[in-house]
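Undergrad: Have a look at this one before I ask anything.
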Amino acid sequence: MRHPTNTPFSSTSFIVVLVFGMAIDVCLCFPGIPSSLMALPVLGYFSFDGNEFAAKDFGNQFHYLPSAVLHPKKVSDIAETIKHVWQMGPASTLTVAARGHGHSLQGQAQAPQGIVINMESLSGQEMQVHNGKLPYVDVSAGELWINILQECLKYGLAPKSWTDYLHLTVGGTLSNAGISGQAFRHGPQISNVHQLEVVTGKGEVVICSEEKNADLFHGVLGGLGQFGIITRARISLEPAPKMVKWIRVLYSDFSIFARDQEHLISAQNTFDYIEGLVIVNKTGLVNNWRSSFNPEDPEQASHFISDGKTLFCLELTKNFNPDEAANVDKEIKTLLSQLNYIPSTLFITEVTYLEFLDRVHAAELKLRTKGLWELPHPWLNLLVPKSNILSFTEGVFGSILTDTNNGPVLVYPVNKSKWDNRTSFVTPDEDIFYLVAFLPHAVPSSAENNGLQYLISLNNRILNFCEEAHLGVKQYLPHYTTQDEWKSHFGPRWEVFVQRKSAYDPLAILAPGQRIFQKAISIL
């Protein structure tokens, strides 16, 4: 078991409590927890053994076993469980974490010796697609986005904003932000929600929206699970295309690459998806970035050699229906004529809308066959202000990062105007900022540059560089181990965050794995 430094969790919890005015250390055991939970009138069930899955996530670095896992059948099961913990008061050590598909990176959905709620037990409930003037879908927060897409496509509709990977739960992404290459146009997923059902840290079931219980609505969106557990969501939809033209081109100069991206996200007539990919230290013909893509000019493309240079791949899509194919080709040609990529590196393919959106799952299946999916993933996601992206690039891709062989590195800009600053999510204070995502997999036992400790140290070097250079960078999917670091992350919005915590989860029962607040314990 790996225990991070400066964290309040350990296999046995020692705390300081006041007894008749005297401060003493108390070793807390957990007698009677299973029996008290078993007495709860839930329609689902609790499991007390075989819960190792709840002590593991995609990051595969933190492993904290809960005392119990709730497998709810109805939202009332979640409310009953949290209300029970709330009523136990500060004398109880129990905390509660909601776990979706287990794609957290740093143990954020774990509850050491507490209760993990298996939100996927709620999946499969009826999805209600409303095909009106402003279409939307009502879904369980435990539902996977891929299932929502497949259901909505039956009505010719789809959600507007996505993550690159669709096998994530609604509640999980809405508790963070949900960002992909459509965010420049539609904003993140948290900007495309009409209404939520939330269970607060007091066990109250609350319906909230911009018009009703607005503070809770905005608080839980991007709120890292701190104010309530999202149990249902009403998500905005739009007409879905049938097909996608998928394009990749290369740049050798980051400033030109960035300028073209910024032009595209600001243009009125542009592509439907825009992302960038960094390729470092790959000599010879660069093939992996364009596998299954067809070169526009095969002869010219065959002569392109990277020579080990750092290259920047611009990935674009244009959605269309089959009867629009001729017009969309002309539109793409016009848009590409405005860009300054290396001419010999234009590659295009055509796929269905579903195939494009679910593209990472296809890669997942290949990685699983090679045993690479279950490895640790020391990912680092940063939001970099536009004004400092060149300094960031020079410092990181110029000297710190020597190769990208262990996983993709994404770099692409988004428009802040598409983000709602009333939510809990924190962005850099500029009109345009870049998502920079380092997404490696690690070999735990390796002492080479693919080893876990090496990649963690690489992340720390990047973070230290950003801090020392005063680049104004914010973490996405943030991970800190002290409250001072969290205060710095939220900046002037910290006080609002604390006020919301006090209002909706005053005992700090929820989401202990985020390590923002520690539950106050007292023994009378």
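Undergrad: Suppose we keep only residues that are among the small types (Gly, Ala, Ser) and surrounded by fewer than 16 Cβ atoms within 10 Å (Cβ to Cβ) within the range 393-442. Which one would you say is modelled with the highest pLDDT?
TA: So in the range 393-442, the residues among the small types (Gly, Ala, Ser) come out as 395, 398-399, 407, 417, 424, 437, 442.
Okay, now just the ones that are also surrounded by fewer than 16 Cβ atoms within 10 Å (Cβ to Cβ), so 398-399, 417.
Working: Gly398: 89, Ser399: 90, Ser417: 96.
Top of the filtered list is Ser417.
Undergrad: Could you figure out which of (1) surrounded by fewer than 24 Cβ atoms within 10 Å (Cβ to Cβ); (2) in contact with a Leu (Cβ under 6 Å, 6 or more places away or on another chain); (3) among the small types (Gly, Ala, Ser) isn't true of Gly187?
TA: (2)
Undergrad: Name the single residue, out of those in the range 130-160 being touching a Lys or Arg at 6+ places or on another chain (Cβ under 8 Å) and not in a loop (DSSP other than H, G, I, E, B), that is surrounded by the fewest Cβ atoms within 10 Å (Cβ to Cβ).
TA: Filtering first and then ranking leaves Asp138.
Undergrad: Can you go through Val205, Val244 and tell me which one is over 30 Å from Tyr504 (Cα atoms), touching a residue at least 60 places away in the same chain (Cβ under 8 Å) and touching an Asp or Glu at 6+ places or on another chain (Cβ under 9 Å)?
TA: Of the residues listed, the single one that is over 30 Å from Tyr504 (Cα atoms), touching a residue at least 60 places away in the same chain (Cβ under 8 Å) and touching an Asp or Glu at 6+ places or on another chain (Cβ under 9 Å) is Val244.
Undergrad: Would you say Leu70 is under 22 Å from Ile229 (Cβ atoms), in contact with a strand residue (DSSP E or B) (Cβ under 9 Å, 6 or more places away or on another chain), at pLDDT 95 or above and outside any loop (DSSP other than H, G, I, E, B)?
TA: yes
Undergrad: Among Asn449, Asn459, Asn464, which is the only one that is among the polar types (S, T, N, Q), assigned to a helix (DSSP H, G or I) and either buried (at least 16 other Cβ atoms within 10 Å of the Cβ) or in contact (Cβ under 8 Å) with a residue 40 or more places away in the chain (or both)? Reasoning before the result, please.
TA: Numbers: Asn449 fails: assigned to a helix (DSSP H, G or I); Asn464 fails: either buried (at least 16 other Cβ atoms within 10 Å of the Cβ) or in contact (Cβ under 8 Å) with a residue 40 or more places away in the chain (or both).
One residue alone meets the criteria, Asn459.
Undergrad: Next question, about the same structure. Suppose we filter Lys282, Lys242 for residues that are surrounded by 15 or more Cβ atoms within 10 Å (Cβ to Cβ) and modelled with pLDDT of 95 or more; which single one remains? Can you show your working first?
TA: Numbers: Lys282 fails: modelled with pLDDT of 95 or more.
The match here is Lys242.
Undergrad: Quick check on the range 94-104. Is at least one of its residues farther than 21 Å from Gly178 by Cα, in contact with a Leu (Cβ under 8 Å, 6 or more places away or on another chain) and surrounded by fewer than 20 Cβ atoms within 10 Å (Cβ to Cβ)?
TA: no
Undergrad: Which of the following residues is in contact (Cβ under 8 Å) with a residue 12 or more places away in the chain, within 29 Å of Trp86 (Cα to Cα), of a type in the set (A, V, I, L, M, F, W, C) and in contact with a strand residue (DSSP E or B) (Cβ under 8 Å, 6 or more places away or on another chain): Leu122, Leu149?
TA: Exactly one residue qualifies, and that residue is Leu122.
The values are calculated or read from the model by the stated rules, or taken from the named source; none is laboratory data. Predicted model only: the values in this text are computed from it and were never measured. Cβ: placed from backbone, ideal geometry, glycine included. Neighbour counts: every protein chain shown.
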